[in-house]
C-alpha cells in the first residue's frame, strides 16, 4: 500500500498535460470537508490540478505555484446533483431560456443535472453549444422520453416525436432502436397515469413493455428513470428493474413488499418534493430573486400574493404527508435516496429548488448530512457518474463552498460562497448579471439557403437536413396529425392530414425546423418572404417560430388552398403579431409552422411542395 505522501506525488506526476502548456493548481485550505460519502465533516486541504482533485489530506504539501484559497470556517462539498429537471421550461410564464436555466444551477452549486425537456434531434446541437462555451452550465445528462398513448407526457401538444408512445414490448424495442442512435445519456419513461385525485387517470405502462425498455437501455449502458407516483406503479417499475423511481409514491404508504423489490432490483428513489410542496408552505429564500430574470421576478411576486394553503384534509395535503413519510421510511430501510426537483414545472425554480429539495428532505426526517449525501454521492451513483459526486483523489473537481455548517443546519446550503466546475472557480456575479438581463441568452444565428424542402429526399428530412415534427393543442385528447412524403409518378410532395380534437379551438401543426432540433437560430433576413406550392381546402396559417417569443405572439400570416395546386407567395410584411412591441425577428427564427385548424372533430388536409425563401 502506498504511503499518502507517495500517492500524492504520483498523482501529480501522472496528471495529464500538453507539451508547453502550464497546468493550473488550486489549493483550498481550512475548509470543513463534507466529502459526499456520508462521512462526517473533517478539516482538510484539497489540492486540485487542472480539472481533477489530486489530494485530500490534513497535511498535504502545497505546490509553490498554487493558487491558495483560505476557506477557514466554511464547508466544502461536492458539486450538487439534480436528477429531474426541465431546462427548456422556465417555471414561470416567461419565455423559456435554456442558457439562463443552466446558469441558475451553477449559481447554486449544482454541477450535474438530468434534463427531460428535449428530444433526440436537439441533443447534438445542445452538446455542441455546451462544449464550445456558448451555453456554459453544469454537466447535463440528456434524456429521451417514452410513454404510453394518452399517458402522462403526451398531453402538452409537443407531438409524438417528443415522447415516444409504446404499448407493447415490440413497440418498445422499435422505439428504442429509433432513439438510441441519438446517444441519450439516460432514458425517461412515463409509466404511471395517476393524476393525484385531481382528475381522470391517464394510461399506465405494463410490466412487459417497461421490461423491454429497461433491457434495451441497460444493454446500451443507460440508466432508466421513471415517472412513478403510485404504490402499484412502483412495484411494476421495480420488477422491471428500473434504476430510479422519480416523483415518489403519493397514494399509499410504502410497504415491505416494495422495499424488498427495490432492494432486489437496486432501484433508487427521487421524490421531487419541491414540486409537490403545498403552495401555502412555500416561502422562497430572499436571495431567490438573484436567480430569476426580471419577468420571472414579477411572476414570483404575483404567485406569492395568491398562494393559499390547501385544507388539511385535501387530497394535496394527504399526498404531501404520504410523500414525506414514504421518503423517510425508504431512507431508513436503506433504499438509495437521490435529489431531483422537476424544476421548470410552474413554481419550481431552477437552481434554488435543488437546495430547497434538500431542506424538504430534512423536514421529512433525513438528517442534514443524509440530505447532502443524497444530493452528491448517492445521486452520482444513481445516474452512473463515477467521476463526480465525492471529494476524493482522481475525481473531477466540481465543488461547492458554502458559509456555515450545512451538515448540521441544512439552511446553510443556500449560503453559496464559491463554485468550482472542473477545477475552475466561476464568476458568480457574472452569472447573476446574465440571468437578470432582460435579453435572451445569445445563440448562434445562421444564414440558410433559399430551398427549405422540395419533398425529394427519401429519408423524410428536409433539404436543410432537419426532421419534420408535429405540434397540436394540449390535452391527452389533442388533435391528431399524420404527414408523409408522396412519391407519385408526376408529383413529389408533403401530404398532411389532421383530425381536430374536441377542444374549443383545435389545431395541428406541421413543424419544419430551420436548424437541427430548432436549437440554433436561422437568419432569414436576406429574403423578402416565403414561397411554396399548396393544395388544400379552406384557410391555413404559417407561423414563424421565434426565439424568445411565446406561440401566442409569433408572427403569422394566412393563406388559402383549393383542390388545384397553386403557388403561394407570402411577403414577410404580411406577417403580424399580437405583440406590437416586438419587431419581426428575422434573425432569430427557429422553425416554420403550417397550421391546420377546423371545427371540433372535423378533418383537415394540406399538400405542400417546393418550400423556399425568396
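The values are calculated or read from the model by the stated rules, or taken from the named source; none is laboratory data. Treat the numbers as computed from the prediction; the structure is a model and nothing was measured. All Cβ positions, even for glycine, are placed from backbone atoms using ideal geometry, and neighbour counts span all protein chains on display.
Could you list all residues from region 577-602 that are free of Cβ contacts under 8 Å to residues at least 24 places away in the same chain and more than 26 Å from residue 516 (Cα to Cα)?
580, 581
Scanning region 63-106 for residues that are closer than 28 Å to residue 393 by Cβ and surrounded by 24 or more Cβ atoms within 10 Å (Cβ to Cβ) yields 75, 76, 77, 78, 79, 80, 81, 82, 83, 105. Hey, any hits in region 373-383 for a residue that's in the same structural domain as residue 293 (by TED's automatic domain parsing), over 22 Å from the mean Cα position of the chain (by Cα) and surrounded by 24 or more Cβ atoms within 10 Å (Cβ to Cβ)? Yes; the residues of region 373-383 include at least one that is in the same structural domain as residue 293 (by TED's automatic domain parsing), over 22 Å from the mean Cα position of the chain (by Cα) and surrounded by 24 or more Cβ atoms within 10 Å (Cβ to Cβ). Of all the listed residues (511, 519), the sole one being within 30 Å of residue 289 (Cα to Cα), touching a helix residue (DSSP H, G or I) at 6+ places or on another chain (Cβ under 9 Å) and crowded, with 21+ Cβ neighbours inside 10 Å is 519.
Let me confirm something: among 353, 331, which residue is in contact with a helix residue (DSSP H, G or I) (Cβ under 8 Å, 6 or more places away or on another chain), closer than 22 Å to residue 97 by Cα and in a helix (DSSP H, G or I)? Let's see the steps before the verdict.
Details: 331 fails: closer than 22 Å to residue 97 by Cα.
One residue alone meets the criteria, 353.
Residue-level analysis places residue 544 outside the set of residues that are assigned by TED's automatic domain parsing to the domain that holds residue 474 and farther than 23 Å from residue 119 by Cα.
Looking across region 200-230, the residues that are touching a residue at least 60 places away in the same chain (Cβ under 8 Å), out of contact with any helix residue (DSSP H, G or I) (no Cβ under 8 Å at 6 or more places or on another chain) and buried (at least 21 other Cβ atoms within 10 Å of the Cβ) come down to 225, 227. Filter region 441-454 for residues that are surrounded by fewer than 18 Cβ atoms within 10 Å (Cβ to Cβ) and within 24 Å of the chain's Cα centre (by Cα); which is nearest to residue 609 (Cα to Cα)? Restricting to residues being surrounded by fewer than 18 Cβ atoms within 10 Å (Cβ to Cβ) and within 24 Å of the chain's Cα centre (by Cα), the top hit is 444.
In region 537-553, what residues are in a loop (DSSP other than H, G, I, E, B) and within 23 Å of the chain's Cα centre (by Cα)?
Listed by number, the residues that qualify are 547, 548, 549, 550.
Among the candidates 233, 197, single out the residue that is without any contact (Cβ under 8 Å) to a residue 60 or more places away in the chain and either in the same structural domain as residue 150 (by TED's automatic domain parsing) or part of a loop (DSSP other than H, G, I, E, B) (or both). Exactly one of 233, 197 is without any contact (Cβ under 8 Å) to a residue 60 or more places away in the chain and either in the same structural domain as residue 150 (by TED's automatic domain parsing) or part of a loop (DSSP other than H, G, I, E, B) (or both), namely 233. Applying the condition of being in a loop (DSSP other than H, G, I, E, B) and touching a helix residue (DSSP H, G or I) at 6+ places or on another chain (Cβ under 7 Å) to region 421-440 and asking which residue is surrounded by the most Cβ atoms within 10 Å (Cβ to Cβ) yields 426.
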